[in-house]
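Participant: Could you have a look at this structure, given as structure tokens, before my questions?
The values are calculated or read from the model by the stated rules, or taken from the named source; none is laboratory data. This is a predicted model, so every value here is computed, not measured. When we count neighbours, we look across all protein chains shown, and the Cβ atoms used for this are built from the backbone with ideal geometry, even at glycine. Ligands, DNA and RNA are excluded from the accessible area calculation, which covers all protein heavy atoms including side chains. Shrake-Rupley method; radii C 1.70, N 1.55, O 1.52, S 1.80 Å.
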Amino acid sequence: MFDGRELSSPVEAVRDVYAPDVQVLDCERDFETLPPAQAEDLGLLVDSLEPASYPTAWLPDDAPTLLARYASSDLTIGMPGDGSVVWTRQTDPPLVIVKPRVEGSPDAFVDFLLAEAFVELDLEVPEQFLGFFEADYRELDRAVALGPSSTYQVAAALYDGWVGLQTRDVFAGWHDDHPELAAAWQDAGTRLEDRVSGLPRAVARGETEFADATELACAAIKHAIELPAPFAALDTDAYRDHGPEYGIKWAEKTFESLAD
């Protein structure tokens, strides 16, 4: 199910700086969340497992089942929206797991995704958005006038954007020390620019759901792309500094304006 992954020289160099103890694995099957038995199999590859758990009081009554499972004491590796590379600190040593869906992607882009995971591990940010919003997730749920799955998507996007505000300064500084990775970061941003600039029109015309637009806009933050309103308000030092509180206020104001 899992095999050690050989890293390119640029990725190895970044791991040595940001996450020297991390173990990188290829997974033979794609997943959003690893089935429990397969997650437990990771115990054979690491020294110990320590599942994350959070109070159920943090969750709305209609929270998606997977989110409730993540909050419980079950070992839950990977969640919807995590992308092609997943990292976890629920193991010792920490793990970065690469999904088969990366096949066909440019090697430089996959290298960037791995390097990004190492930087996020070094920042010691929460593994999922529930550890970011904590009890305030209920407040976000009240602010977001969407169903539970779309609220989950908005929450995951807001968390991704907040992390991106921190990681992009690291990526921008790689042009001298890690030029291949810096170029991949910049190229990925260039590919997003046109899609991001057209988001307000796409939402207004009903071509893009608001949760999908939020996900794309927040993913662009780490690439230092100029965002249109209302997402531009997330690309600020205030969001970086105040995190969940600011994100919830943004959601409240945004959905109030959408209702007008």
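Participant: Go through region 223-250 residue by residue and tally those that are closer than 22 Å to Gly198 by Cβ, in a helix (DSSP H, G or I) and aliphatic (A, V, I, L, M).
Facilitator: Number of matching residues: 3.
Participant: From the residues in region 169-222 that are in contact with a helix residue (DSSP H, G or I) (Cβ under 7 Å, 6 or more places away or on another chain) and polar (S, T, N, Q), which one is least open to solvent (accessible area, probe 1.4 Å)?
Facilitator: In this case the residue turns out to be Thr214.
Participant: OK, next. Conditions first: (1) closer than 18 Å to Leu158 by Cα; (2) over 16 Å from the mean Cα position of the chain (by Cα). Gly83 passes all but one, so which condition is the exception?
Facilitator: Exception for Gly83: condition (2).
Participant: Among the residues of region 68-84, what is the count of those that are more than 18 Å from Glu28 (Cβ to Cβ) and buried (at least 19 other Cβ atoms within 10 Å of the Cβ)?
Facilitator: Counting residues in region 68-84 that are more than 18 Å from Glu28 (Cβ to Cβ) and buried (at least 19 other Cβ atoms within 10 Å of the Cβ) gives 5.
Participant: Out of the residues in region 85-94 that are assigned to a loop (DSSP other than H, G, I, E, B) and open to solvent by less than 30 Å² (accessible area, probe 1.4 Å), which is farthest from Asp30 (Cα to Cα)? Steps first, answer last, please.
Facilitator: Step one: list which residues in region 85-94 are assigned to a loop (DSSP other than H, G, I, E, B), which gives 89-90, 93-94.
Of the ones still in play, those that are also open to solvent by less than 30 Å² (accessible area, probe 1.4 Å) are 90, 93-94.
Numbers: Gln90: 20, Pro93: 22, Pro94: 20 Å.
Step by step, filter region 85-94, then rank; the result is Pro93.
Participant: Go through region 65-81 and count every residue that is assigned to a loop (DSSP other than H, G, I, E, B) and under 15 Å from Thr151 (Cβ atoms).
Facilitator: We begin by selecting, within region 65-81, every residue assigned to a loop (DSSP other than H, G, I, E, B); these are 72-81.
The next check asks that each one be under 15 Å from Thr151 (Cβ atoms); those that pass are 79-81.
Going through region 65-81 one residue at a time, the tally reaches 3.
Participant: Okay, moving on. Report every pair of residues separated by at least 6 positions or lying on different chains whose Cβ atoms are under 6 Å apart, first residue within region 18-38 and closer than 30 Å to Trp174 by Cβ and among the charged types (D, E, K, R), second open to solvent by 20 Å² or more (accessible area, probe 1.4 Å) and assigned to a loop (DSSP other than H, G, I, E, B).
Facilitator: Short answer, once both residue conditions are applied: Asp21/Pro93; Asp26/Arg5; Glu32/Pro80.
Participant: Residues that are more than 30 Å from Asp61 (Cα to Cα) and at pLDDT 95 or above: list the helices (runs of 4 or more DSSP H) wholly contained in region 110-222 that include at least 3 such residues.
Facilitator: Working: elements: 130-133, 137-143, 148-172, 174-177, 179-197, 199-204, 210-221.
Ranges flagged: 148-172, 179-197.
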